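Here's the structure we're looking at; comments come further down.
The values are calculated or read from the model by the stated rules, or taken from the named source; none is laboratory data. These numbers were taken from a predicted model, which means no experiment stands behind them. Note: ideal-geometry Cβ built from the backbone for every residue, glycine included; neighbour counts use all protein chains shown. Just so you know, the surface numbers come from the protein's heavy atoms only, side chains and all, with ligands and any DNA or RNA stripped out. Shrake-Rupley method; radii C 1.70, N 1.55, O 1.52, S 1.80 Å.
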Amino acid sequence: MARVLTPRAEDFPRWYQDLIAKARMADNGPVRGTMVIRPAAYAIWERMQAEMDARIKEAEAQNAYFPLFIPESYLSREAQHVEGFSPELAVVTHAGGKELAEPIVVRPTSETIFGEFMAKWIDSYRDLPLLLNQWANVVRWELRPRTFLRTTEFLWQEGHTAHATEADARDYARRILHSVYEDFMTNLLAIPVVPGRKTKGERFAGATNTMTLEAMMGDGKALQMGTSHELGQNFAKAFDITYTSQAGAVEHAWTTSWGSTTRMIGGLIMVHGDDSGLRLPPLLAPIQAQIMVVKAGEGVTEAAVKLRDELKAAGVRVKLDDRADIPFGRRAVDAELQGIPVRIEVGPRDLAAGNAVVARRIDGTKSPVALGEVVAEVVGALKTDQQRLFDDALALRQERTVDVKTLGDAIEASQTGWARVPWSAVGTEGEAEANGKAVTVRCLIRPDGSVPESDDEPDVMAILARAY
């Protein structure tokens, strides 16, 4: 295929922007830092939504919707929260041709407005746990926007829950981290993630604990793919979220929040993309197989339609491309750019030989397959290639993660990948030193890879990296 993208190894950021443009995934919006998500990428987001939503519902949370506009006074009730978000806030001061009596904040996240209504809806222990989620857009005024990764407005889901006990809230935040986020990212996105605990300096504003899922991108940098927060009783006290216990005492609830965003699309690109474009995990791909008529006539279109129907009956998400008036090479390049896992090419010569050509995007193979065997070949390829993407991403992470003993060695190793170092060799002072060199502590983990209960556990390890 003709080269249409800047090679990844030559200029990774340029390659990323090229791919988004050439694969028709997004355009810059008219306001700085905003984006227009085009159909090719929005179809991916819809698949992400569907899969995530099913897992969220399995975790017994219910969907709701809360307003985009939040009174400024709501944010000021939780001091750490407003301080953490102040630089990113978009504030409305005029509406209807008049100055507002109270400024209105455009939703940067919804802990405060959820808190206001949880306080209204919760009376007794019988109302708990209250498990809510919303799919929405949020606005955070980014200084250095980058499509999908950091944009002024982005799409996400945000969950907010209230519980009777600290233990119940802690367990639920971990359930979301592992059963919803980690399961989705590992099994659907085919992205190996490291679940860990954020340091105090990296914690969500107003949280008592933030847990994260970190993924290594193709250039060795880290990307935070999703977070789950324990909020303790901070927001419950600020918004008077109380309940009457079984013993008749009035208690403050314990709350959590958790979210994942369209940033996952950026992660998908940077983990799996190559010099020919995007490579979509088959389980996620909106179109898993595309049948392409190379040249019309001689029964080719009829054979292609028959294959489409057979694949659809086998549960494959399939599309027929019978646009024989558009050069085949151009259509094939477009399919590669958009990462469609399998192409089935049907032309007069193939049909005469009783074959179709099956081209696999992920392993790059292309071979003739008897028409009667195409369905089985495609189904098998989709399963194999899903696992291959995960294995390749995991191999890269293992290859570019090194164990070191000192902060200096960790900062040096972070220039090309990840460093795993004892947290005791870093500490808060070392974290500040690393930050000054554009390196962050991505998360803390136990030696066995599990998530620590506190920063002070013995033998806790820190993952350091440069990050998006």
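Quick notes on this structure:
To keep it simple, each residue is scored yes or no on (1) of a type in the set (D, E, K, R); (2) within 30 Å of Glu310 (Cα to Cα); (3) surrounded by 15 or more Cβ atoms within 10 Å (Cβ to Cβ); (4) at pLDDT below 95.
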position	(1), (2), (3), (4)
Val374	no, yes, yes, no
Ala381	no, yes, yes, no
Thr401	no, no, yes, no
Lys405	yes, no, no, no
Gly408	no, no, no, no
Glu412	yes, no, yes, no
Ala438	no, no, no, no
Val441	no, no, yes, no
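- Residue match in the range 382-398 (condition: of a type in the set (D, E, K, R) and over 21 Å from Leu284 (Cβ atoms)): no
Residues are listed down the side, and each one gets a yes or a no for (1) part of a helix (DSSP H, G or I); (2) among the basic types (Lys, Arg); (3) within 20 Å of Ala438 (Cα to Cα):
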site	(1), (2), (3)
Ile362	no, no, no
Val369	no, no, no
Glu373	yes, no, no
Leu382	yes, no, no
Asp385	yes, no, no
Arg388	yes, yes, no
Gln398	yes, no, no
Ile411	yes, no, yes
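- Check on Asn209, touching a strand residue (DSSP E or B) at 6+ places or on another chain (Cβ under 7 Å) and either among the aliphatic types (A, V, I, L, M) or in contact (Cβ under 8 Å) with a residue 12 or more places away in the chain (or both): yes
- Note on the range 210-245: residues that are among the small types (Gly, Ala, Ser) and in contact with a Ser or Thr (Cβ under 6 Å, 6 or more places away or on another chain) amount to 4.
- Residue that is among the basic types (Lys, Arg) and within 27 Å of Lys200 (Cβ to Cβ), where the choices are Arg77, Arg47, Arg55: Arg77
- Selection status of Asp27, surrounded by fewer than 15 Cβ atoms within 10 Å (Cβ to Cβ) and either acidic (Asp, Glu) or in contact with a His (Cβ under 6 Å, 6 or more places away or on another chain) (or both): yes
- Screening Val451 against (1) in contact (Cβ under 8 Å) with a residue 12 or more places away in the chain; (2) more than 26 Å from the chain's Cα centre (by Cα) leaves a single unmet condition, (2).
- Taking the criterion of being under 19 Å from Gln288 (Cα atoms) and of a type in the set (Gly, Ala, Ser), the residues of the range 319-350 that qualify are Ala332, Ala335, Gly339.
- Any chance Leu132 is under 30 Å from Gln246 (Cα atoms) and either small (Gly, Ala, Ser) or out of contact with any Cys (no Cβ under 6 Å at 6 or more places or on another chain) (or both): yes
- Single residue of Leu268, Leu283 found to be modelled with pLDDT of 95 or more, out of contact with any Pro (no Cβ under 9 Å at 6 or more places or on another chain) and among the aliphatic types (A, V, I, L, M): Leu283
- When the range 17-70 is filtered for residues that are within 25 Å of Ile113 (Cβ to Cβ), out of contact with any Gly (no Cβ under 9 Å at 6 or more places or on another chain) and part of a helix (DSSP H, G or I), the ones remaining, listed by number, are Trp45, Met48, Gln49, Met52, Asp53, Arg55, Lys57.
- Test for Ser73: is it under 23 Å from Phe239 (Cβ atoms), open to solvent by less than 60 Å² (accessible area, probe 1.4 Å), of a type in the set (Ser, Thr, Tyr) and without any contact (Cβ under 8 Å) to a residue 60 or more places away in the chain: yes
- Listed by position, the strands (runs of 3 or more DSSP E) inside the range 102-203 whose residues that are surrounded by fewer than 20 Cβ atoms within 10 Å (Cβ to Cβ) number at least 1 are 130-139, 153-163.
- Filtered by the rule that a residue be open to solvent by 80 Å² or more (accessible area, probe 1.4 Å) and over 16 Å from Leu177 (Cα atoms), the range 43-62 gives Glu46, Gln62.
- Here Ala352 fulfils each of the conditions (1) touching a residue at least 60 places away in the same chain (Cβ under 8 Å); (2) open to solvent by 40 Å² or more (accessible area, probe 1.4 Å) apart from (1).
- Within the range 259-270, residues that are farther than 16 Å from Met35 by Cα reach partners that are surrounded by fewer than 24 Cβ atoms within 10 Å (Cβ to Cβ) and not basic (Lys, Arg) with beta carbons closer than 6 Å, at six or more positions or on different chains, in the pairs Gly259/Trp156; Gly259/Glu158; Gly267/Leu223; Met270/Gly218.
- Pick from the range 271-307, criterion outside any loop (DSSP other than H, G, I, E, B) and touching a Lys or Arg at 6+ places or on another chain (Cβ under 8 Å), ranking: most open to solvent (accessible area, probe 1.4 Å): Asp274
- Screening Ala90 with (1) modelled with pLDDT of 95 or more; (2) open to solvent by less than 40 Å² (accessible area, probe 1.4 Å); (3) not acidic (Asp, Glu) gives one miss only, at (1).
- Of everything listed in (1) part of a loop (DSSP other than H, G, I, E, B); (2) touching a residue at least 24 places away in the same chain (Cβ under 8 Å); (3) open to solvent by 80 Å² or more (accessible area, probe 1.4 Å), the single unmet condition for Gln80 is (1).
- Just one of (1) under 13 Å from the mean Cα position of the chain (by Cα); (2) crowded, with 24+ Cβ neighbours inside 10 Å fails for His229. It is (1).
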